[in-house]
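The values are calculated or read from the model by the stated rules, or taken from the named source; none is laboratory data. The shown structure was predicted, so the numbers you read here are calculated from the model rather than taken from an experiment. Cβ: placed from backbone, ideal geometry, glycine included. Neighbour counts: every protein chain shown.
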Amino acid sequence: MQTKVLYLSDLKFNLETWKRELRFHFNEMDTFEEKLEEIASREFGQKAMKPLENFQNRIMLEKDAIKKLLHRIRNKMIVINRVNYEESIDGRLQNEQHTLREDMKDYIKMHYDFKEEMMDYFLEYL
(Lines give C-alpha, C1' and ligand atoms only; values in the text may rest on other atoms or scores of the structure.)
Protein backbone atom coordinates (compact mmCIF):
# COMPACT_ATOMS: atom_id res chain seq x y z
CA MET A 1 0.00 0.00 0.00
CA GLN A 2 2.87 2.41 0.79
CA THR A 3 4.24 1.90 -2.73
CA LYS A 4 0.86 2.75 -4.20
CA VAL A 5 0.56 5.90 -2.10
CA LEU A 6 4.00 7.07 -3.28
CA TYR A 7 3.19 6.18 -6.88
CA LEU A 8 -0.09 8.10 -6.79
CA SER A 9 1.61 11.03 -5.10
CA ASP A 10 4.11 11.15 -7.97
CA LEU A 11 1.29 11.05 -10.51
CA LYS A 12 -0.50 13.90 -8.74
CA PHE A 13 2.71 15.93 -8.72
CA ASN A 14 3.09 15.46 -12.50
CA LEU A 15 -0.52 16.42 -13.11
CA GLU A 16 -0.33 19.52 -10.92
CA THR A 17 2.90 20.60 -12.65
CA TRP A 18 1.36 20.16 -16.09
CA LYS A 19 -1.74 22.04 -15.00
CA ARG A 20 0.33 25.03 -13.87
CA GLU A 21 2.35 24.98 -17.07
CA LEU A 22 -0.76 24.83 -19.25
CA ARG A 23 -2.35 27.74 -17.39
CA PHE A 24 0.83 29.75 -17.92
CA HIS A 25 0.77 28.97 -21.64
CA PHE A 26 -2.90 29.93 -21.85
CA ASN A 27 -2.15 33.32 -20.26
CA GLU A 28 0.85 33.70 -22.53
CA MET A 29 -1.42 33.24 -25.55
CA ASP A 30 -3.55 36.14 -24.26
CA THR A 31 -0.42 38.30 -24.12
CA PHE A 32 0.54 37.28 -27.65
CA GLU A 33 -2.96 38.17 -28.88
CA GLU A 34 -2.56 41.64 -27.40
CA LYS A 35 0.75 42.10 -29.21
CA LEU A 36 -0.80 40.94 -32.47
CA GLU A 37 -3.57 43.50 -32.03
CA GLU A 38 -0.93 46.15 -31.47
CA ILE A 39 0.81 45.18 -34.72
CA ALA A 40 -2.53 45.18 -36.58
CA SER A 41 -3.24 48.72 -35.41
CA ARG A 42 0.04 49.97 -36.88
CA GLU A 43 -1.02 49.13 -40.45
CA PHE A 44 2.14 47.51 -41.71
CA GLY A 45 0.34 46.24 -44.81
CA GLN A 46 -0.40 42.83 -46.26
CA LYS A 47 3.12 41.54 -45.61
CA ALA A 48 2.48 41.72 -41.88
CA MET A 49 -1.23 40.90 -41.92
CA LYS A 50 -1.11 37.49 -43.54
CA PRO A 51 1.17 35.94 -40.88
CA LEU A 52 -0.74 37.86 -38.19
CA GLU A 53 -4.02 36.21 -39.16
CA ASN A 54 -2.27 32.84 -39.24
CA PHE A 55 -0.92 33.42 -35.73
CA GLN A 56 -4.36 34.44 -34.47
CA ASN A 57 -5.85 31.21 -35.82
CA ARG A 58 -3.05 29.14 -34.32
CA ILE A 59 -3.55 30.84 -30.94
CA MET A 60 -7.21 29.82 -30.99
CA LEU A 61 -6.20 26.24 -31.81
CA GLU A 62 -3.57 26.23 -29.08
CA LYS A 63 -6.01 27.55 -26.49
CA ASP A 64 -8.43 24.80 -27.48
CA ALA A 65 -5.68 22.18 -27.12
CA ILE A 66 -4.79 23.58 -23.69
CA LYS A 67 -8.43 23.35 -22.57
CA LYS A 68 -8.62 19.73 -23.71
CA LEU A 69 -5.41 18.81 -21.91
CA LEU A 70 -6.59 20.54 -18.73
CA HIS A 71 -9.86 18.60 -18.96
CA ARG A 72 -7.94 15.33 -19.27
CA ILE A 73 -5.80 16.28 -16.29
CA ARG A 74 -8.90 17.03 -14.19
CA ASN A 75 -10.39 13.67 -15.17
CA LYS A 76 -7.14 11.90 -14.31
CA MET A 77 -7.09 13.58 -10.88
CA ILE A 78 -10.64 12.36 -10.25
CA VAL A 79 -9.58 8.79 -11.05
CA ILE A 80 -6.53 9.05 -8.79
CA ASN A 81 -8.56 10.49 -5.93
CA ARG A 82 -11.07 7.64 -6.17
CA VAL A 83 -8.50 4.84 -6.33
CA ASN A 84 -8.80 1.89 -3.99
CA TYR A 85 -5.56 1.81 -1.98
CA GLU A 86 -6.03 -1.88 -1.16
CA GLU A 87 -6.07 -2.83 -4.84
CA SER A 88 -2.72 -3.81 -6.37
CA ILE A 89 -1.01 -1.55 -8.90
CA ASP A 90 -1.94 -3.16 -12.19
CA GLY A 91 -0.36 -0.67 -14.57
CA ARG A 92 -3.69 0.77 -15.71
CA LEU A 93 -3.02 4.19 -14.20
CA GLN A 94 0.54 4.09 -15.47
CA ASN A 95 -0.60 3.27 -19.02
CA GLU A 96 -3.17 6.05 -18.94
CA GLN A 97 -0.52 8.41 -17.54
CA HIS A 98 1.88 7.41 -20.34
CA THR A 99 -0.57 8.57 -23.03
CA LEU A 100 -1.14 11.90 -21.31
CA ARG A 101 2.60 12.30 -20.74
CA GLU A 102 3.30 11.72 -24.44
CA ASP A 103 0.56 14.19 -25.41
CA MET A 104 2.04 16.77 -23.03
CA LYS A 105 5.52 16.26 -24.48
CA ASP A 106 4.13 16.74 -28.01
CA TYR A 107 2.15 19.80 -26.97
CA ILE A 108 5.12 21.43 -25.21
CA LYS A 109 7.36 20.88 -28.24
CA MET A 110 4.75 22.38 -30.57
CA HIS A 111 4.15 25.27 -28.17
CA TYR A 112 7.79 26.28 -28.04
CA ASP A 113 8.18 25.93 -31.83
CA PHE A 114 5.13 28.18 -32.25
CA LYS A 115 6.42 30.62 -29.64
CA GLU A 116 9.75 30.85 -31.45
CA GLU A 117 7.97 31.69 -34.71
CA MET A 118 5.91 34.35 -32.98
CA MET A 119 8.94 35.88 -31.30
CA ASP A 120 10.67 36.15 -34.70
CA TYR A 121 7.57 37.86 -36.05
CA PHE A 122 7.45 40.24 -33.08
CA LEU A 123 11.12 41.14 -33.58
CA GLU A 124 10.32 42.13 -37.12
CA TYR A 125 7.19 44.19 -36.44
CA LEU A 126 7.45 45.49 -32.87
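Scan the stretch 48-73 for residues that are without any contact (Cβ under 8 Å) to a residue 12 or more places away in the chain and more than 19 Å from F114 (Cα to Cα) and jot them down.
Of everything in the stretch 48-73, just one residue is without any contact (Cβ under 8 Å) to a residue 12 or more places away in the chain and more than 19 Å from F114 (Cα to Cα), namely H71.
Sort through K76, K4 and tell me the only one that's under 18 Å from D103 (Cβ atoms), surrounded by 16 or more Cβ atoms within 10 Å (Cβ to Cβ) and at pLDDT below 95.
Values: K4 fails: under 18 Å from D103 (Cβ atoms).
Checking each option against the conditions leaves just K76.
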